[in-house]
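Worksheet: the structure to be examined is printed underneath.
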Amino acid sequence: MGLSRIVYASREKEHFGLLEIQGLLKEARSFNGKSGITGVLLYDQGLFFQVLEGESEAITLLYQKIAKDPRHEQVTTVIQEPIESRYFGNWSMAFVSSYGEGIGKVSGLKSFFDAGHNLLQLSPVQANLLIQEIAGGQWTVL
Ligand SMILES: Cc1cc2nc3c(=O)[nH]c(=O)nc-3n(C[C@H](O)[C@H](O)[C@H](O)COP(=O)(O)O)c2cc1C
């Protein structure tokens with residue numbers, strides 16, 4: 001089986017404060033670490049954007065579980081494809097919150113967000129711009 005990634009966006013159903021995010025990350029990192037899954041979770045104003053990287057079968061199964069999680073809705077797949085190498089190989093699940101960083105500042109995406117669009121409406125090309133920006137290390141990763 002080869003390496004793949006799944007990139008999706010979703011909307012919280014109940015509010016995720018710092019405590020809920022920390023709980024989620026603890027759960028995710030424990031499972032992902034045991035399953036060879038890496039990636040990043042971005043939270044911005046009630047919306048999630050997540051990259052899952054790993055063996056195709058492992059991330060497909062995880063994504064099925066995540067998609068059914070009652071804590072969020074409008075789970076929207078943006079990219080699902082084989083990859084040569086990981087962007088977030090050092091992270092069982094990196095976390096970036098756009099407080100202070102501002103997804104609206106990502107070059108190439110500013111006009112998109114300024115026009116009132118959100119993470120749920122990203123095209124694959126736009127999602128890749130965001131992923132490259134995060135992986136580029138300019139943001140605070142927790
Ligand atoms: C936005 C979001 C992202 C999540 N990311 C992960 C993840 O990367 N890894 C993980 O194991 N669980 C993640 N979860 C939690 C899963 O949906 C699920 O609760 C967890 O896998 C436990 O499932 P189980 O009780 O069926 O074993 C995430 C949940 C949400 C809402």
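Derivation of every value follows stated rules applied to the coordinates shown; laboratory data play no part. Being a predicted model, the structure only gives us computed values, none of them experimental. Cβ placement follows ideal geometry from the backbone for every residue including glycine, while neighbour counts extend to all protein chains displayed.
Loop-located trypsin sites (Lys or Arg not before Pro) in the range 1-108 (DSSP state not H, G, I, E or B) with no more than 10 neighbouring Cβ atoms inside 10 Å: Lys68. Model label points for Thr77 and Phe31, set 7 angstrom from Cα along the Cα-to-Cβ axis, are 1.8 nm apart. Backbone amide hydrogens, once placed in the peptide plane, bring Phe48 within less than 5 Å of Ser10, Arg11, Glu12, excluding anything fewer than 5 places away on its chain.
Computed over the chain, relative contact order equals 33 percent, with contacts defined as Cα pairs under 8 Å that lie 6+ residues apart. A cut-off of 5 Å between modelled amide H atoms, ignoring neighbours fewer than 5 places along the same chain, links Ile83 with Leu3, Ser4, Arg5.
The tail of the calculated P(r) for the chain beyond 26 Å holds 16 percent of all Cα-Cα pairs. In this structure, the amide hydrogen of Arg71, modeled 1.01 Å from its nitrogen in the peptide plane, lies closer than 5 angstrom to no residue at least 5 positions away or on a different chain.
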